[in-house]
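I have placed the structure first, in the form of structure tokens, so that the comments after it can refer back to it.
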């Protein structure tokens, strides 16, 4: 439990760093570390498939995409973030966490839930046989992403 | 719901709150996108924690896996749009995108 | 084979880039529009007999093993499928000519078909998370379709659309997680049954609020509408037509309606919230539309306003109100699609979207002008066009249910709507012909043909409105009117 809480705090910490670090590459790496921590949290909860996916895809693939973008937009001018927003954030965040904790304490045991039966099958069976339409959706969204990138990076011919 | 679920809900809300604040306050386009990723983390944490609390981990993981795949497509599209924007405005500042009145 | 509605567009989209290498114009156009035509014919011809005996659930066998591909086709889904296929087909035909100068037509059609597949999948889904998945499929395709022209305005609009849309999606998934936590499942039947057993009013209220935030953003209800007035005008005209005519209704109104009426059950509190949201959108957006100079922006605000009308009708919850709301959904899809397409014709001919610069175009573009007039009068609610009947039904339903104030507000908003559409007509099409446009010609064949077709349909649905209501709207309204029983009883776990 202690380890888990420490990991969760680390997750939030690195996520906040990822948004507030000035250098974009460090921000991307901070995001990757946060994803790594989230993957470990998943593993410790027993969700090994989700953990693997989180680490390999989010900490891996998406970080690469970010670094690629940062490299491709290197020539763009520097963006000065609002200093006011940076200063207000710690105050805002502390207040938010306080309200958050109070709300959670108040909600303890208040949300009713049906008792759930045991789960059957392996992950493969649940995904391929139980939620097959999800897979069709995944194919569709991958197609959407691929065609989007193709469309947005197409060469503009002179006669178009 | 077990008490641990509320612990995870607490942290998930923290992530969502930080992400939303950044989405409103930040100006760099890529940083705005990192904020979206943070929101995504909050959501997937909540999904897995819910599955854990219900003992329904497999179904929850199937949903999280699909959610991550959707996230990848979204990131690819968004970054493609951002790169194209910099070709026009030569800047990553969201305030330069003020030509439309909204 | 209900899965065809999702599988066919995806497969055709998949092979389109390859086809596009062989033939740059003819084959992609043919394939894409053939697929859309097939879906429309299939929905009309095979759909109604299929559901004559109650909703159809499909469980498929794939390569010998039974996989759980659960799709459900009932009256409401069928109405949406038909509307999607119909407007999609007309937009596809329009794009044959309009998208010529954008380049990469095969790629465009591929994205378009993926968006259609996403919308079809959403409409056929039986499970909360599937609705979310297909919603995102359509959304991701739509982001790049809005940005398709690669101009700065389009990219800016697409980016803002994306940012806001992601917040909405997050709200939806958080709500799904809460419901999953309460009931242990995300499928409609199980959730409906579970919520009834639990009787957990306040928490369901929070989940419902999150859904309203998420789906309300997709439907562009005020106060979640900020992205629409930028995104719809900047997109290429056929995409504006699909976004305003279909996407906001499928990912916003359909999803919200299906979940609130069939899964949660429409409580009086929920009904009141929806009615107020609808009315606010209806009135505020109508006022905002009046001052617009950009013709597509005026149409965008009109979309927000009319979606408010639809939500008002459905939120009322009485059978007549639901029927009126659904009929208006269909009519608005036809008419708004028509209007955006005709403005596309005008934009291509004159190069401008500014109303003050146009004038007297009716003399040079008679077909486009007439089609636009029919679409405008339809949405404004002028008899005997289709829009008049759907608005009338909603107003009667409001009076019958004991909400005379809402009815009066709705009538006044209709007057406002008529006013700004007449402004648009006068400035763009009638009046003195601006000499700049003396050499303007009528739009190319497919563009004109598709707009004329939609205009004729508006007239036909208006004249034959009772037949339309009996065959298409009543089954849909009946499914929704049954409330939670629909998913518990017929769809099962």
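Just so it is clear, none of the values below were taken in a lab; they were calculated from the coordinates. For clarity, every value in this text was computed on a predicted model and none was experimentally measured. Cβ atoms come from the backbone with ideal geometry, glycine included; neighbour counts cover every protein chain shown.
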- Out of C:251, C:281, C:345, which single residue is within 20 Å of residue C:480 (Cα to Cα) and crowded, with 24+ Cβ neighbours inside 10 Å? C:251
- Task: Could you check how many residues of region C:73-118 are within 11 Å of chain A (Cβ to nearest Cβ) and at negative phi?
- Result: 18
- (1) touching a residue at least 40 places away in the same chain (Cβ under 8 Å); (2) under 29 Å from residue C:384 (Cβ atoms); (3) exposed (fewer than 15 other Cβ atoms within 10 Å of the Cβ): which one isn't true of residue C:456, the others all being true? (1)
- Query: Which residues, counting only those in region C:170-181, are surrounded by 24 or more Cβ atoms within 10 Å (Cβ to Cβ) and either out of contact with any helix residue (DSSP H, G or I) (no Cβ under 7 Å at 6 or more places or on another chain) or facing chain B (nearest Cβ under 9 Å) (or both)?
  - Reply: C:173, C:174, C:176, C:177, C:180, C:181
- Task: With the condition kept exactly as written, say whether any residue in region C:174-196 is outside any helix (DSSP H, G or I), touching a strand residue (DSSP E or B) at 6+ places or on another chain (Cβ under 7 Å) and free of Cβ contacts under 8 Å to residues at least 60 places away in the same chain.
- Result: yes
- Message: Looking at region B:54-69, I want the residues that are without any contact (Cβ under 8 Å) to a residue 40 or more places away in the chain and have a partner that is surrounded by 24 or more Cβ atoms within 10 Å (Cβ to Cβ) and in a loop (DSSP other than H, G, I, E, B) with Cβ atoms under 6 Å, at least 6 apart or on another chain. Which pairs are those?
- Response: B:57/A:47; B:61/A:47; B:62/A:131
- Message: Against the definition (under 30 Å from residue C:354 (Cβ atoms) and out of contact with any helix residue (DSSP H, G or I) (no Cβ under 7 Å at 6 or more places or on another chain)), how does residue C:456 come out, yes or no?
- Response: yes
- Could you pull out the residue among C:223, C:268 that is out of contact with any strand residue (DSSP E or B) (no Cβ under 7 Å at 6 or more places or on another chain), surrounded by fewer than 24 Cβ atoms within 10 Å (Cβ to Cβ) and under 25 Å from residue B:98 (Cβ atoms)? C:223
- Query: Here are some residues: A:119, A:78. Which one is without any contact (Cβ under 8 Å) to a residue 12 or more places away in the chain and surrounded by fewer than 14 Cβ atoms within 10 Å (Cβ to Cβ)?
  - Reply: A:78
- What number of residues within region A:37-57 are within 21 Å of residue B:36 (Cα to Cα) and crowded, with 21+ Cβ neighbours inside 10 Å? 9
- Check off (1) surrounded by 24 or more Cβ atoms within 10 Å (Cβ to Cβ); (2) not in a helix (DSSP H, G or I) for residue C:352 and give me the number that stays unchecked. (1)
- Among the residues of region C:382-398, is any outside any helix (DSSP H, G or I) and surrounded by 22 or more Cβ atoms within 10 Å (Cβ to Cβ)? yes
